[in-house]
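Here's the structure we're looking at; comments come further down.
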Amino acid sequence: MSAVDFWPPSTLEIVFLLLGLVAVGSALLVVTTRQLVHAALWLVLCFGALAGCYLVLTAEFVAWVQVLIYVGAVVVLLLFGIMLTRAPIGRSDDLDSGNRVVAAVVAVATAGVLVTVVVGGFQHAYADLRPGSGSAEELGTSIFRNWVLPFEALSVLLLAALIGAIVLSRTDIGGRR
């Protein structure tokens, strides 16, 4: 395939690019804002844009899991954690470590390396957008036929983390006050 084959971009490719830009832009705002609640709301936008990207790639099941689990559970849990711990809601200068220049240089260098590796590795690859490749049936068959042992191991690991979090948060267990 030559570069001429990629031009003009299709409507789906343009929508995917725009959603990707929204996801990257809101992800940058998550890590640069000084207000914790605003960071959580930018995270919602980032996860929503990612779900839109999954929809464009015809992975409807993964898109709905993204919305339900990440937007519906993780961000809500984060906001409840902020409210219950009485974290500062407004602008907070103590969230800044003072290493902005070093962090920006490291971030740009890391992004440069990642973009170089991805472009170098996939410069001749092109995936045609066809419906049906991300269906729940295909995903479920793959998970429960090929990946059942890692899936169950991850379930046990998450259960252990949940029990550990409960034990650590309770003050009436083990004589701690």
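What shape does the stretch 8-63 take by its C-alpha gyration tensor, where a ≥ b ≥ c are the square roots of the eigenvalues and a/c under 1.5 counts as rounded, a/b above b/c as prolate, and the rest as oblate?
Numbers: a/c = 4.84, a/b = 1.88, b/c = 2.57.
Oblate.
Run the simple label-point estimate for residue 159 and residue 38 please: 7 Å along Cα→C-beta, distance reported in nm.
It works out to 4.3 nm between the two label points.
Among residues other than residue 60 whose Cβ falls under 12 Å from its Cβ, what is the net charge (Lys/Arg +1, Asp/Glu -1)? Please list the in-between numbers first.
Values: positive: none; negative: 137, 138.
After counting each charged neighbour, the total is -2.
Taking the Cβ-Cβ separation of residue 83 and residue 11 as r and a Förster radius of 30 Å, what is the calculated FRET efficiency to the nearest 0.05?
It comes out at approximately 0.15.
Calculate, for residue 124 and residue 28, the FRET efficiency according to 1/(1 + (r/R0)^6) with r their C-beta to C-beta distance and R0 35 Å; round to the nearest 0.05.
0.75
So, R0 is 30 Å and r is the distance between the beta-carbons of residue 152 and residue 64; what FRET efficiency does that work out to, to 0.05?
Numbers: r = 23 Å, r/R0 = 0.76.
The calculated FRET efficiency here is 0.85.
Values quoted throughout were computed directly from the atomic coordinates according to the rules given, and no laboratory measurement underlies them. Keep in mind it's a predicted model, so treat the numbers as computed, not measured. Because the Cβ atoms are built from the backbone with ideal geometry, glycine has one as well, and the counts that use them run over all protein chains shown.
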